[in-house]
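A quick write-up on the structure given underneath.
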Amino acid sequence: MKLRPLGRSGLNVTPVCLGGNVFGWTIDEPTSFAILDAFVAGGGNFIDTADAYSTWVTGHMGGESETILGNWFAARHNRASVILATKVGNRMGDGGHGLSRAHILRSVEGSLRRLKTDYIDLYQSHIDDADTALEETLETYDALIKSGKVRAIGASNYNGARLGEALGVSKARHLARYECLQPLYNLVRRADYERDLEPVVLANNVGVIPYSSLASGFLTGKYARDGALPETARAGGVQTRYMGEEGAWKTLGRVEAVAKSRGVSAAQVALAWLIARPSVTAPIASATSLPQLKEILAAAALALTPAEIAQLQGA
């Protein structure tokens, strides 16, 4: 797969990023290893996780996904060939959260230990922290980059104003800046990103790695209007967020029409649309099986025509 630059970070990544939220949640360690092995064998080099994965599972404290990834790195001896992204700031099982200097410094050591590595390629603010000054957060990241523990930083779940403010602080104080944004963005949820965030990232050459690229599985076509919900951990959330919206079903219909005409899956089309967006570096998608992973990898080779893109976007 052709590599893409991630902002000005010097990191070059494949046009699809493997999401690590499922590791230790919906798939166990052996299955996670099989997915990771196949992703790398298929040409992928970019993996995203977070220290808070998967605190939403009863009995989990956070760090479960990072631990599995660390065990995989140790078993495969391939850390140098992978671009590793993780996140800090979301609430952990012990209650710790935020982007204060103390919490970041404590958290980065925990992530490095679990990941069995001495550096993180992309360290991201998982969620904005209005209670901590941007200067404190960015000064802390700047020190981590100078120490060699982090190569580049990014932001997730920021709005356009706060991202712009953070970039301004970095420029004025000569600090490391957010080279990457991780927003919620897919064919069903477009407006917030395109109106508020896309102008900021394009003006500042910030890379973009959207999450929920397949709308938690809705855009794969496995959900039916009147059928029973799939027996998956995400089904209830998909029902709440997407299945009651007529617009979501119309979008899915367009995705399925393009997929049928090209002889590919709906998931490939939805991911290929994101890859084709000028502002997007690499959409994040997770897989719980090898057939799902095959579709994710195949999306990188699917070039949509301008007519197909217009059809997908509708009015």
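The values are calculated or read from the model by the stated rules, or taken from the named source; none is laboratory data. This one's a predicted model, so the numbers in the text were calculated from it and none came from an experiment. Backbone-built Cβ (ideal geometry, glycine too); neighbour counts: all protein chains shown.
Results for (1) surrounded by fewer than 16 Cβ atoms within 10 Å (Cβ to Cβ); (2) assigned to a loop (DSSP other than H, G, I, E, B); (3) free of Cβ contacts under 8 Å to residues at least 24 places away in the same chain; (4) touching a strand residue (DSSP E or B) at 6+ places or on another chain (Cβ under 6 Å), shown as yes or no for each residue.
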{"position": "57", "(1), (2), (3), (4)": "yes, yes, no, no"}
{"position": "69", "(1), (2), (3), (4)": "no, no, no, no"}
{"position": "74", "(1), (2), (3), (4)": "yes, no, no, no"}
{"position": "109", "(1), (2), (3), (4)": "yes, no, yes, no"}
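Please report, ordered by residue number, the helices (runs of 4 or more DSSP H) entirely within segment 135-250 with at least 3 residues that are modelled with pLDDT of 95 or more. Write out each step before concluding.
Values: elements: 160-173, 198-204, 235-241.
Because the criterion is at least 3 residues that are modelled with pLDDT of 95 or more, the helices (runs of 4 or more DSSP H) in segment 135-250 that meet it are 160-173, 198-204.
Exactly one condition in (1) surrounded by fewer than 18 Cβ atoms within 10 Å (Cβ to Cβ); (2) in a loop (DSSP other than H, G, I, E, B); (3) β-branched (Val, Ile, Thr) is false for residue 309; which is it?
If we test residue 309 against (1) surrounded by fewer than 18 Cβ atoms within 10 Å (Cβ to Cβ); (2) in a loop (DSSP other than H, G, I, E, B); (3) β-branched (Val, Ile, Thr), just (2) comes out false.
Mind listing whichever residues of segment 188-207 are closer than 19 Å to residue 309 by Cα and crowded, with 20+ Cβ neighbours inside 10 Å?
188, 193, 198
Suppose we filter segment 1-37 for residues that are assigned to a helix (DSSP H, G or I) and of a type in the set (Asp, Glu); how many remain? Before you say what the answer is, go through the steps one by one.
Residues of segment 1-37 that are assigned to a helix (DSSP H, G or I), as a first pass: 29-37.
Narrowing further to those that are of a type in the set (Asp, Glu): 29, 37.
The number of residues fulfilling the criteria is 2.
So which residues in segment 76-99 are among the polar types (S, T, N, Q) and surrounded by 18 or more Cβ atoms within 10 Å (Cβ to Cβ), if there are any at all?
Taking segment 76-99 and keeping what is among the polar types (S, T, N, Q), we get 78, 81, 86, 90.
Within segment 76-99, 86, 90 meet the criteria.
Cβ-Cβ below 8 Å, separation at least six or inter-chain, first residue in segment 152-170 and at negative phi, second surrounded by fewer than 18 Cβ atoms within 10 Å (Cβ to Cβ) and not in a helix (DSSP H, G or I): which pairs?
152/10
Could you list all residues from segment 76-107 that are basic (Lys, Arg), part of a helix (DSSP H, G or I) and touching a residue at least 24 places away in the same chain (Cβ under 8 Å)?
Keep residues of segment 76-107 that are basic (Lys, Arg), which gives 76, 79, 87, 91, 101, 106.
Add one more test, that the residue is part of a helix (DSSP H, G or I), and what stays is 76, 79, 101, 106.
Listed by number, the residues that qualify are 76, 79, 101.
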